[in-house]
Amino acid sequence: MNKSQLINKIALDEDISKSVVGRVLDALTCSISTALKSGDEVVIVGFGRFSVRNRAARIGRNPQTGQEINIPAGKIPGFRAGKTLKNAINL
């Protein structure tokens, strides 16, 4: 399911206009991104936890040449599913 399909589904299920659902979804993703940028976690009880994880520097290989390359350390977004979400999937 892509973003427009999600917007259509929510709009139909909740009888809300697509433009309102789109703005709310954009606000949600922007708020989560902003919180993660500042180092905070975002917890939606029952759904999951968004956090920032640190990835260590490592050595990789260029698949075309086989040459070793240095991949620098960085931060990546992480998500850990909540109990309610896990239970909904494992029915």
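Report yes if Gly60 is assigned to a loop (DSSP other than H, G, I, E, B), outside the structural domain of Thr34 (by TED's automatic domain parsing) and farther than 29 Å from Ser31 by Cα, otherwise no. No, not satisfied.
Total residues in region 42-58 satisfying the condition of being charged (D, E, K, R) and within 12 Å of the chain's Cα centre (by Cα): the figure is 1. When Glu41 is tested against (1) farther than 21 Å from Leu6 by Cα; (2) in contact with a Ser or Thr (Cβ under 7 Å, 6 or more places away or on another chain); (3) touching a residue at least 24 places away in the same chain (Cβ under 8 Å), just one condition goes unmet, and that condition is (3).
The values are calculated or read from the model by the stated rules, or taken from the named source; none is laboratory data. Note that the structure is a prediction, hence the values are computed from the model and not measured. Positions of Cβ are backbone-derived with ideal geometry, glycine not excepted, and every protein chain shown enters the neighbour counts.
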